[in-house]
Amino acid sequence: MKTFKDKVAAITGAASGMGRTLAVELASRGCHLAISDVNEAELVKTAELASKHGVRVTMTKLDVANRDAVYAWADDVVRQHGKVNLIFNNAGVALTAPLEHVKITDFEWLMGINFWGVVYGTQAFLPHLKASGDGHIINTSSLFGLMSVPTQGSYNSSKFAVRGYTEALRMELEMEGACVSATCVHPGGIATNIAMAGKVDPVMEKLTGTSVEAQKRRANKLISTTTPHSAALQILTAVEKNARRVLVGPDAKLLDKLVRLLGASYQVLIMRQLRKMNKPKQAATSAA
């Protein structure tokens, strides 16, 4: 796909962050949009920003974990736009909890959005993308789909799954000679609201001596490496180049190299760094 002009792109999680920025950037390039999110009020704002570029924008309140709703949305996009060329399975949520203590309901909630939402979006849109004659699937994994981190095991599970799913899909489409391709996106720290909006299991307060809100603020600060606009530009460039994988941000590129260089030994470095980061807090708690 060498141009986005006069194409139709469907985007999940478009009410904020990368989803919103992708929508506005695509609109500036003449791409018509079908956007969705559970946050209808913020989705309206995205639609207003994108519409300023003179393209057609339709929006739908959507929970990507609802399979029937995703399939209905895909059909509706084609009815309203006449075709669809791109699906950005971008919606995602965060969860911080040790795997020993994570609530199964929270784990299922996260997988429903981060993994099954990607599967539903891919399968619902793929027949329509093929019918367009020029289609592309863009699935958002994460840097944490390349490496694991303690207390992020649930999130790691979902993002590793997206990676495996998308890489297998890409190979199948190529073997078939399909007019549709697929790219897996691995963002590092992007300055979005995902950390503040995510869930932190209350057990984390006992383990760290830090309040849930303080942990969210700390995580939000740590991931604010790359702007959503820069991320969107990198993703769209990867689509234009038909890249199999795109590492978004300097931290994603650096840590990917580290993992490939060290193999499984990267885990030792991660543990050392986390112990170093948490040591002052633990010391202060012990002194108290």
Relative contact order (%) - criterion: Cα under 8 Å, at least six apart; region: the chain: 18
Which longest uninterrupted range of the chain lacks any trypsin sites (Lys or Arg not before Pro) assigned by DSSP to a loop state (not H, G, I, E or B) and surrounded by at most 12 other Cβ atoms within 10 Å? 53-240
P(r) of region 1-119 over all Cα-Cα pairs, 10 Å bins starting at 0, rounded to whole percent, reads 14, 44, 28, 10, 3, 0
If one builds a Gaussian network model of the chain from Cα atoms under 10 Å apart, the most fluctuating residue listed among ASN139, ASN242, ASN85 is ASN242
Electrostatic dipole magnitude of region 8-254 [Cβ: Lys, Arg +1; Asp, Glu -1; Cα centre; debye, to 20]: 520
Counting Lys and Arg as +1 and Asp and Glu as -1, each charge on the Cβ, what is the dipole of region 40-187 about the Cα centre in debye, to the nearest 20? 300
Could you check which residue among ALA231, ALA124, ALA264 shows the biggest mean-square fluctuation in a GNM of the chain with a 10 Å Cα cutoff? ALA264
In the chain, which whole DSSP H runs stretch at least 30 Å along their own axis (Cα) and average -1.0 or higher on the Kyte-Doolittle scale? 153-176, 266-287
Semi-axes of the equivalent ellipsoid for the chain, Cα gyration tensor, largest first, Å: 34, 20, 17
In region 42-114, taking the dipole from +1 charges on Lys and Arg beta carbons and -1 charges on Asp and Glu beta carbons about the Cα centre, the listed residue (ASN114, THR96, SER51) farthest towards the positive end is SER51
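Read-outs throughout are calculated quantities, based only on the coordinates presented, and are distinct from any laboratory measurement. Just so we're clear, the structure is a prediction, and the values are computed from it rather than from any experiment. Glycine gets a Cβ as well: all are built from the backbone with ideal geometry, and neighbour counts include every protein chain shown.
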